[in-house]
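Notes follow once the structure below has been shown.
The values are calculated or read from the model by the stated rules, or taken from the named source; none is laboratory data. Quick caveat: nothing in here was measured; it's all calculated off a predicted structure. Here the Cβ positions follow ideal geometry from the backbone for every residue, glycine too, while neighbour counts run over all protein chains shown. Calculation scope for accessible area: heavy atoms of the full protein, side chains included, ligands and nucleic acids excluded. Shrake-Rupley method; radii C 1.70, N 1.55, O 1.52, S 1.80 Å.
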Amino acid sequence: MANVTNVFSSYNQYLSDEVEIKEKIRDLVTELEATARQLSTELQIIHQCDEKNDQIVATCQSVETKMTAVQAKYQELEQAVPANQYYRYHDHWRFCTQRFVFILSISEFVQRDQILSREDACQRLGLKKTREEGFHLDLEDFLVGLLLLANELSRWSVNAVTAGDYSRPVRILKLLKELHSGFQLLHMKNDQLRKRYDGLKYDLKKVEEVVYDLTIRGLLRDS
Amino acid sequence: MTEISPPNERILAVFGEIQKELDTKHDRAERLVKLSRDLTIQSKRIIFLLHRANKESREQVLDEAEKKFTFLKDAILTKIRDELVGQDWYQFKHTYSPGIQEFVEALSFYVYLKEGRLLHLGDVHERLSVEPDKEFFTHHDFILGLADLTGELMRFVISTVASGHVEKLRDICLILQQINQGFMLIGNQGTREVTRKMTTLRESVMKVERACYFLHIRGSEMPQHLFAGAFENADDEGIDLEES
């Protein structure tokens with residue numbers, strides 16, 4: 001029966017068309033991931049600096065300027081993905097997008113002492129805010145990026161004390177409390193996001209303990 | 001432990017909006033899961049109905065099945081499609097994929113019994129009045145449904161042979177071999193699920209080939225129980241009774 005063969009040869013074609021697109025996407029994502037690694041590595045300076053945080057601020061500013069290249073890459077990615085198929089291939093760029101949100105949110109905290117907003121994240125990555133508007137920043141990628149920030153900040157609070165920067169943990173605590181209060185507004189399913197969110201309370205606790213240690217030793221003169 | 005203070009204005013602005021978006025997404029997913037469950041149950045019932053057909057009741061059963069397919073299209077599949085209007089349905093396909101697969105399984109079984117041929121993806125588009133570029137299910141789901149069809153064909157041939165109609169055996173053996181061949185063309189390019197089903201399919205084909213061998217050697221005078229031996233363990237392996 002020739003028609004049986006047709007069924008499978010058309011599936012075969014479908015698969016090879018898909019592979020072609022995936023290869024294009026993978027190449028672009030490889031470059032995005034390399035940039036994300038590079039920028040994350042540069043930002044590790046936060047754990048090595050002492051109270052003079054000029055270097056930290058300078059690094060954050062430099063990171064933000066490097067976003068132009070990232071924006072261009074996301075444009076190319078948009079071209080590679082057929083219309084209305086964002087979520088068919090989204091798994092490919094999920095990871096690096098989360099990393100970029102994380103990177104930008106560190107910079108936002110350092111320079112402006114606040115939680116990165118979705119609008120700002122989108123603007124700096126050159127992505128739309130909603131799917132209706134075009135190639136967008138997936139909501140959960142944004143949220144996971146913020147949760148990655150929480151973990152990094154809790155680590156930073158410990159290292160800041162070691163470096164003699166006693167005000168940093170206080171600022172981190174304020175931010176994490178805000179972040180927590182925001183996440184508490186969300187109704188989550190028992191999915192990946194929920195599992196990551198569960199880590200937030202441990203990050204918060206860690207920073208609280210650091211701030212407590214500073215407080216009882218009278219190291220926070222003007223918190 | 002710290003008391004969490006109520007969210008400030010900025011937080012409310014950022015996360016309040018996110019809350020609404022997440023809720024909308026989850027609600028839609030829930031509705032689709034429910035529709036998929038209904039689709040699965042109703043499709044399975046059509047399959048049971050088709051298995052009950054015998055020479056006398058064949059026409060009637062096929063008519064009844066046809067009516068049920070129309071009902072499924074109007075009552076469930078249309079609703080699934082409506083939920084996905086304006087959405088990226090790839091975002092939600094995992095919620096209703098099982099239902100689609102079961103539907104394809106039922107429909108392909110029906111088409112084989114009625115017309116002796118294998119269902120095409122184009123047939124499904126036609127039946128659902130969907131243009132190929134506006135489909136809301138994947139080629140993968142269609143192929144997975146066909147893989148499950150082979151299990152039903154196995155069940156069908158077992159009961160047919162048991163009731164003495166051995167002439168169907170060769171036809172079914174042939175189509176199973178052709179489907180198996182089709183999957184071999186795909187190899188492991190498909191999803192993991194597809195690859196898994198291929199192994200099962202190969203075993204099914206070999207069982208039916210063995211039964212054809214017995215038929216050939218011993219002729220139709222072969223006693224019933226020896227035929228049954230050809231399908232030994234057929235009920236345990238290769239047939240997914242409980243799915244999704």
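Against the list (1) farther than 30 Å from B:SER97 by Cα; (2) open to solvent by 60 Å² or more (accessible area, probe 1.4 Å), the condition A:ASP91 fails is (1).
Considering the conditions (1) within 12 Å of chain B (Cβ to nearest Cβ); (2) surrounded by 19 or more Cβ atoms within 10 Å (Cβ to Cβ); (3) touching an Asp or Glu at 6+ places or on another chain (Cβ under 6 Å), A:CYS96 is excluded by exactly one of them, (1).
Taken over the range B:9-59, the criterion of being under 16 Å from B:TYR110 (Cβ atoms), open to solvent by less than 50 Å² (accessible area, probe 1.4 Å) and either within 14 Å of another protein chain (Cβ to nearest Cβ) or at pLDDT below 95 (or both) is satisfied by B:ALA53, B:SER57.
With respect to being within 12 Å of the chain's Cα centre (by Cα) and either of a type in the set (A, V, I, L, M, F, W, C) or assigned to a helix (DSSP H, G or I) (or both), B:PHE183 falls outside the description. Here A:LEU43 qualifies as more than 14 Å from chain B (Cβ to nearest Cβ) and open to solvent by less than 60 Å² (accessible area, probe 1.4 Å). One residue stands out among those in the range A:128-140 that are in a helix (DSSP H, G or I) and closer than 13 Å to A:VAL101 by Cα: the one that is nearest to the other protein chains (Cβ to nearest Cβ), which is A:LEU139.
Identify all residues within the range A:99-113 that are free of Cβ contacts under 8 Å to residues at least 40 places away in the same chain and either part of a loop (DSSP other than H, G, I, E, B) or crowded, with 21+ Cβ neighbours inside 10 Å (or both); write none if there are none. The answer is A:GLU108, and nothing else. If the condition is being at the interface with another protein chain (Cβ under 10 Å from one of its Cβ atoms) and crowded, with 18+ Cβ neighbours inside 10 Å, then the range A:141-185 contributes A:PHE142, A:LEU143, A:LEU146, A:LEU173, A:LEU176, A:LYS177, A:GLU178, A:LEU179, A:HIS180, A:GLY182, A:PHE183. Selection of the range A:203-223 for residues being assigned to a helix (DSSP H, G or I) and either of a type in the set (Val, Ile, Thr) or free of Cβ contacts under 8 Å to residues at least 12 places away in the same chain (or both) yields A:LYS205, A:VAL207, A:GLU209, A:VAL210, A:VAL211, A:TYR212, A:THR215, A:ILE216. Of all the criteria given as (1) open to solvent by 10 Å² or more (accessible area, probe 1.4 Å); (2) among the polar types (S, T, N, Q); (3) at pLDDT 85 or above, the one not satisfied by B:SER163 is (3).
Remark: pairs (first residue in the range B:3-32, among the small types (Gly, Ala, Ser); second residue surrounded by 14 or more Cβ atoms within 10 Å (Cβ to Cβ) and assigned to a helix (DSSP H, G or I); Cβ separation under 7 Å; 6+ apart in sequence or on different chains) = B:SER5/A:LYS177; B:SER5/A:SER181; B:ALA29/B:THR95.
Would you say A:GLN38 is in a helix (DSSP H, G or I), open to solvent by 70 Å² or more (accessible area, probe 1.4 Å), modelled with pLDDT under 95 and over 19 Å from A:ARG131 (Cα atoms)? If you could, list the steps in order and put the result at the bottom.
Working: in a helix (DSSP H, G or I): yes; open to solvent by 70 Å² or more (accessible area, probe 1.4 Å): yes; modelled with pLDDT under 95: no; over 19 Å from A:ARG131 (Cα atoms): yes.
Judged against the criteria, A:GLN38 is not a match.
Only one of A:LEU116, A:LEU43 is on the phi < 0 side of the Ramachandran plot and either free of Cβ contacts under 8 Å to residues at least 60 places away in the same chain or not in a helix (DSSP H, G or I) (or both); which? Quick ask: steps written out before the conclusion?
Values: A:LEU43 fails: either free of Cβ contacts under 8 Å to residues at least 60 places away in the same chain or not in a helix (DSSP H, G or I) (or both).
None of the other options fit; the residue is A:LEU116.
Within the range B:111-125, can one find any residue that is touching a Ser or Thr at 6+ places or on another chain (Cβ under 9 Å), in contact (Cβ under 8 Å) with a residue 24 or more places away in the chain, under 30 Å from A:LYS189 (Cα atoms) and of a type outside the set (Val, Ile, Thr)? Within the range B:111-125 (the criterion being touching a Ser or Thr at 6+ places or on another chain (Cβ under 9 Å), in contact (Cβ under 8 Å) with a residue 24 or more places away in the chain, under 30 Å from A:LYS189 (Cα atoms) and of a type outside the set (Val, Ile, Thr)), the answer is no, since none of the residues qualifies.
Restricting the search to helices (runs of 4 or more DSSP H) fully inside the range B:71-154 and requiring at least 3 residues that are open to solvent by 10 Å² or more (accessible area, probe 1.4 Å), within 27 Å of B:LEU185 (Cα to Cα) and within 12 Å of chain A (Cβ to nearest Cβ) gives B:93-115, B:121-127. Of all residues in the range A:70-88, those satisfying the criterion of being part of a helix (DSSP H, G or I) and without any contact (Cβ under 8 Å) to a residue 40 or more places away in the chain are A:GLN79, A:TYR87, A:ARG88. Give just the number: which of (1) away from chain B (no Cβ under 14 Å); (2) open to solvent by 10 Å² or more (accessible area, probe 1.4 Å); (3) over 16 Å from A:GLU33 (Cα atoms) does A:ALA72 not satisfy? For A:ALA72, the exception is condition (3).
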